[in-house]
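Enquirer: I'd like to ask you about the structure that follows.
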Amino acid sequence: MYQVPCHQVESSLIDQALTDIEGRIFTRWHRMCWGPDYDPEAFAETCDELLDHVAACARFDPALSEPPARAALRTAAECAAAVLDRRLWPNGDFEVDFPVLTARYGATKLTSPETSYSMQAPQTPPVAEWVRSFALCLVSSTFEEPWRRNLVLKFDVAPEIHVSPTEPAAGLAEMDALADYLVDGDEPPLVVKPDRQARVRAALRLDAAAPLTPDQHLLRVLLDDDQPAFEQALADRLDRYREDIGDDPAPRTLLPLAAIALANLAVLAHGWRLDVRSGYLPEGLLPEPPADKTPAVEPVPVPARHGLPDTGDRFRDLYEHLTGAQQRTLRMMPLNPGPQISTSALAALTGVPAAVALATAEALAQMSLVEVGEPYGWWRLRDPVRTFVTALDPAEDGGHDDALARLLEHYRLAAVDAGHQLRPTTRDRKRMFTGRGDALIWLDIETPNLIAAAETAADTGHPRITRHIALALFEYLNLRRRTADTLQLSTLALRTARQTGDKFAQADALNWLGVAYRHLQRFEEAVTALTDAVAISRQNDDRSGEGRALNNLGSALLVQQRYEEAITAYTDAGAIYRQAGDRYREGLALNNLGSALRDVRRFEEAINALTEAAQIFRQVGDRRREALAVNNLGSAFKSTGRLDEAITAHADATEIFRQTGDRHGEATAWHGLGLARRSAGRPDEAAAAIEKAAAAYLEAGDQHWHQRALSLLDQIKAHHHDGR
């Protein structure tokens with residue numbers, strides 16, 4: 001058992017928190033009813049005051065057995081929810097209960113007619129406020145309708161927070177993982193344990209968003225569903241929490257709400273009896289595991305009836321003992337064109353709900369007919385099984401055309417949605433993904449399937465699917481520098497478009513084919529493809545497509561040192577986008593124009609273009625391209641001798657690239673930072689930056705620039721040594 005002591009709070013603060021809580025909260029309630037003090041901060045301050053009281057009560061009565069303490073806790077939960085409500089919908093319907101006042105004052109519920117309407121614009125609350133409301137919802141657990149708060153937190157507030165460009169990826173991943181524990185329906189229980197696929201996916205999101213806060217790390221451990229590991233992590237978290245407490249802490253600091261909420265999830269959803277005891281975990285805030293509840297929601301494994309037999313009669317015997325759904329799944333799985341199939345894709349292929357597909361796949365895995373893929377929730381047919389099922393009587397294979405069409409459409413929709421998450425200016429409704437990080441994780445896993453699906457679609461008479469998957473993947477492939485895949489997919493898309501006579505699709509394919517050629521240093525072919533893309537877009541009267549092709553043409557011309565032609569192409573692209581009101585793509589053109597102007601030593605013009613590009617990307621919420629522009633701006637500053645500004649710009653770019661998961665971009669920013677520090681006469685700091693650049697280049701798979709960074713590092717160290 002773990003025993004974790006808590007910090008001390010001044011006795012005078014405890015006494016103050018215990019004194020006349022009803023009177024003090026009534027004063028606040030009265031101001032909210034009749035005065036101007038009804039904004040989110042007023043509810044947040046009321047919540048703090050109530051939590052001070054609850055923490056003080058728990059010091060003497062850890063069970064919180066007295067009704068006033070429980071009422072104060074429920075009121076704190078109501079106020080925390082009101083903070084979210086008032087920020088997002090300052091003039092919406094409004095209802096907040098104050099049970100702490102009921103015993104003395106009777107009905108004290110605040111509703112819309114009793115409050116003045118706010119002139120404030122809606123604001124997106126930070127994730128921290130959502131987590132606080134979530135935690136108080138759990139530990140109070142006595143709402144009249146517990147599901148109501150769950151639905152508001154999960155389906156109303158969380159999506160609004162996701163559109164905020166300022167929230168860090170780790171916070172969004174934390175919110176999504178916690179929301180997975182909330183029920184979707186309108187009946188108790190309050191929380192349920194997510195299935196294994198959901199937990200794995202949530203864990204991947206958190207891993208991708210590292211570094212994590214201590215509470216996010218504790219959540220990450222909980223998702224592994226390992227009780228001893230969680231208990232150790234919980235004890236470590238509480239120890240660190242105590243060590244980090246500052247001077248003169250308020251009583252409410254005795255309640256680390258995020259950790260308490262995770263302990264609640266461990267008890268209520270995972271069904272554990274925790275062997276961690278601490279004043280930070282009052283027993284009144286930790287329920288007993290329900291005696292009649294089976295906490296795990298994943299399907300119970302099906303006992304293996306047979307080992308994997310040889311093909312032939314023994315395999316036929318096993319196959320005939322499978323259920324109809326299991327037989328059908330085995331027959332359908334070879335239709336998947338890629339190396340493994342996800343549960344959601346399997347559901348689309350077989351035409352059943354995802355939960356049924358998951359249970360079927362797990363049962364087949366228990367019988368060694370299907371292998372568990374990577375990560376969990378993906379599946380592969382074992383080779384002998386594939387051989388057997390593909391040799392079955394064709395009469396058993398009815399409906400395969402429809403099944404393949406469903407599967408390809410699933411890949412198309414998912415790819416398009418994932419692609420949209422990489423382009424923050426799109427406003428399409430989210431289907432599968434909560435944001436950029438989530439989409440990148442999925443694309444890292446599914447791209448082999450998606451490329452194979454595009455090829456299958458082209459071969460089976462589905463050119464629209466081929467085009468949509470290709471367009472959805474190009475941004476991702478460019479980000480991950482998967483040039484060979486870009487070349488393969490753009491060539492396929494061009495062939496399909498020419499076969500169908502689709503001129504718009506031809507221009508799109510030529511555009512990305514030119515990008516691939518440029519990355520492969522096949523510059524003449526790049527210029528030819530992009531020139532053709534410009535011409536076809538003009539024939540189509542597609543101004544947006546013309547602008548995209550001109551922008552990429554400028555980049556192909558630039559690497560050939562055809563500077564004036566490149567500047568003209570970028571300028572024309574920017575003018576097209578400006579005329580169309582497309583600020584985002586105007587920013588793309590300005591960023592490239594700034595780089596070209598820098599190369600011809602027109603530094604002031606370059607700085608102006610790059611500054612405007614960075615501002616545009618910041619406004620539209622594209623953090624990665626903001627980093628690209630800021631990094632280029634740093635290079636322009638260095639060229640003009642403005643070294644302090646250059647160092648600041650490159651340092652800012654490294655952090656933004658890190659946050660967006662672009663390791664190659666981060667490498668270029670560290671490289672630029674090292675060069676700027678070297679020019680500023682700071683060799684030790686320069687060497688440290690170049691070391692980080694070399695490591696990032698290597699991780700991104702760029703051996704050429706990895707070696708160049710190592711050579712530069714040797715030069716810096718040698719010069720520094722000689723100068724001593």
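Enquirer: Out of these labelled values of Cα Rg over 2.2 N^0.38 Å, [x] 1.00; [y] 1.65; [z] 1.11, which was calculated from the coordinates shown here?
Expert: Recomputing Cα Rg over 2.2 N^0.38 Å here gives the entry labelled [z].
Enquirer: Could you compute Rg(Cα) / (2.2 N^0.38 Å) for the range 2-285, with N its residue count?
Expert: The reported ratio for this selection is 0.98.
Enquirer: Ranked by Cβ crowding within 10 angstrom, fewest neighbours first, how are HIS704, HIS664, HIS671 ordered?
Expert: Neighbour counts put them in this order, fewest first: HIS704, HIS664, HIS671.
Enquirer: Can you work out the Karplus-derived ³J(HN,Hα) for every residue in the range 618-630? Use 6.51 cos²θ - 1.76 cosθ + 1.60 with θ = phi - 60°, whole Hz, and x for glycine or proline.
Expert: 5, 5, 8, x, 8, 5, 5, 6, 4, 5, 4, 5, 5
Enquirer: Which cross-chain or sequence-distant (5 or more) residues have an amide H under 5 Å from the amide H of VAL276, H modelled 1.01 Å from N in plane?
Expert: HN-HN under 5 Å from VAL276: TYR2.
Enquirer: Still on this structure: How large is ³J(HN,Hα), in whole Hz, for each residue of the range 158-169 in order, when computed from phi with the Karplus curve 6.51 cos²θ - 1.76 cosθ + 1.60 and θ = phi - 60°, using x for Gly and Pro?
Expert: Listing the rounded values in order: 4, x, 5, 5, 5, 7, 6, x, 9, 6, x, 4 Hz.
Enquirer: Based on other C-beta atoms within 10 Å, arrange PHE98, PHE603 from fewest to most.
Expert: On the way: PHE98 25, PHE603 19.
Ascending number of Cβ neighbours within 10 Å: PHE603, PHE98.
Enquirer: Looking at PHE134, THR46, TYR2, which one has the Cα that reaches farthest to the positive end of the dipole of the range 2-285 (charges on Cβ: Lys, Arg +1; Asp, Glu -1)?
Expert: Of PHE134, THR46, TYR2, it is TYR2.
Enquirer: Compute the length gained on full extension between MET1 and ARG538: take 0.36 nm times their separation in residues and subtract their Cα-Cα distance, giving the result in nm to one decimal.
Expert: Roughly 186.0 nm would be gained on extension.
Enquirer: A further question on this structure: Tally the DSSP beta bridges in the chain and give the antiparallel ones as a percent, rounded to 5.
Expert: Numbers: 8 of 12 bridges.
If I count the DSSP bridges inside the chain, around 65 percent turn out antiparallel.
Enquirer: Taking other Cβ within 10 Å of each residue's Cβ, how do ILE690, ILE14 sort, fewest first?
Expert: Sorted ascending by nearby Cβ count, the order is ILE14, ILE690.
Enquirer: Starting at the first residue of the range 15-28, write each ³J(HN,Hα) from the Karplus equation 6.51 cos²θ - 1.76 cosθ + 1.60 with θ = phi - 60°, in whole Hz, x for Gly and Pro.
Expert: Rounded to whole hertz, the list is 4, 4, 5, 7, 7, 6, 5, 4, x, 5, 6, 4, 4, 5.
Enquirer: In bins 10 Å wide, starting from 0, what share of all Cα pairs of the range 622-724 does each bin hold, as a percent?
Expert: Spelled out per bin, shortest first, that is 19, 47, 30, 4, 0.
Here, each number is a calculation from the coordinates, and none is a lab measurement. On a predicted model such as this, the values are computed, not experimentally measured, just so you know. Neighbour counts are summed over all protein chains in view; Cβ atoms, including those assigned to glycine, are modelled from backbone coordinates with ideal geometry.
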